[in-house]
Amino acid sequence: LLSSINAGLLPAAGEPVVIPLAMAFGGTAQIIAGIMEFRTGNVFGATAFTSYGAFWWWFALLILLGNNKLLDLSGATPAIGLCLLLWGVFTLGLWISTFRLSRLVFLIFLTLWIAFFLLGGGAVLGNPTLHMLGGWVGLICGALAMYGSFAIVTNATYGREVAPVGGR
């Protein structure tokens, strides 16, 4: 949904609709998934899910507090952009770990770090074209992640690979 706004497919006025999703699904559900991954010993899953869950909470709080004038975000675009660039660096590091995982997870993290760099660069440089391109790459990332969710659930349900993920 947020990538649709960033890509210019939906108006920026739709951004508040993202807040509840960011807090519930993006934030809370991913943090819970990260804790569950930690309990299974999956360091990659634990790190990724809890980190991006916290990212979504940051994003939701930034928009919520900024829109309600509890934070003054005037002039904060370069700082927000740098934050997105740093998330890109973090994601690039996680992407390197995906070289040993499925091709699908590799592609999800590849498109995610590219999206962060485009969105962050667009904000830092004041370049709306980079921002829009980040939204389009984010849409590709989201589509891959949705397919990944479908594939994991379907394959687990059938007890075999029905939806390919490009295993290693």
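The values are calculated or read from the model by the stated rules, or taken from the named source; none is laboratory data. Keep in mind that what you see is a predicted model, and the values were worked out from it rather than measured. Keep in mind that these areas ignore ligands, DNA and RNA; they rest on the heavy atoms of the full protein, side chains included. Shrake-Rupley method; radii C 1.70, N 1.55, O 1.52, S 1.80 Å.
Amide hydrogen proximity for Leu71: with H placed 1.01 Å from N in the peptide plane, the residues at 5 or more positions away or on another chain lying under 5 Å are Gly66.
Using all pairs of distinct alpha-carbon atoms, the Kirkwood hydrodynamic radius of region 1-116 works out to 15.2 angstrom. For the chain, the share of accessible area belonging to carbon and sulfur comes to 74 percent (1.4 Å probe, ligands and nucleic acids excluded). Computed from Cα positions, the angle between helix 43-67 and the longest principal axis of the chain comes to roughly 20 degrees. Compared with the direct C-alpha span, the chain from Ala12 to Thr28 gains 3.4 nm at full extension, assuming 0.36 nm per residue. Accessible surface for Met146 stands near 140 Å², nearest 10, in the context of the full protein assembly shown (1.4 Å probe).
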